[in-house]
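Novice: What follows is a single structure, and I will ask about it in a moment.
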C-alpha cells in the first residue's frame, strides 16, 4: 500500500513535509510547560472539566508524578490519573485549541497532525527529570 497517500481514517501515514520552516531542526519534543501556558492564555482550559484542568496543570507545571496526583484526583490509581490527563489533553487538542496553535504544534510533534491522539508523552516534560519518564 502506498504510504504517501494518507488515508482518511488515519490508518496510513501522511507524507512528511519537507519545508525547512515546517520541521523542528533539533528534533526535540516541544516543552509541555510552554504549550500549557499558551493554551491557557488562549482560553482553551476554560472549556474542559475542572478535574482535568487541575490535574493537567499540576502535572505539566510541577515535578509531581502520576502517583503524587492520586489524592488530587480523588484517590484513583496512578494509571487512572494518566488516563484522565491524556484524555483531557486529547479533548483540549481536538476541540478547544485554536487552529493556529494546533497547526504550529503539529509541525513539531511526533506523527504530525490529523487524527493522531495526543498525550503528555508527545511533549518534553522538563519538570519530570529524575522522577519518571514522560
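Novice: Let me know the shape class of segment 27-128, please: from the alpha-carbon gyration tensor, a ≥ b ≥ c as square roots of the eigenvalues, rounded when a/c is under 1.5, otherwise prolate if a/b is greater than b/c, or oblate.
Specialist: Prolate, since a/c reaches 1.5 and a/b exceeds b/c.
Novice: Another question, then. By count of other Cβ within 10 Å, fewest leading, how are 91, 34 ordered?
Specialist: With the sparsest Cβ surroundings first, the list reads 34, 91.
Novice: What distance in nm lies between label points placed 7 Å from Cα along the C-beta direction at residue 101 and residue 54?
Specialist: Computed distance between label sites residue 101 and residue 54 equals 2.2 nm.
Here, each number is a calculation from the coordinates, and none is a lab measurement. Keep in mind it's a predicted model, so treat the numbers as computed, not measured. Positions of Cβ are generated from backbone atoms using ideal geometry, with glycine treated the same way; all protein chains shown enter the neighbour counts.
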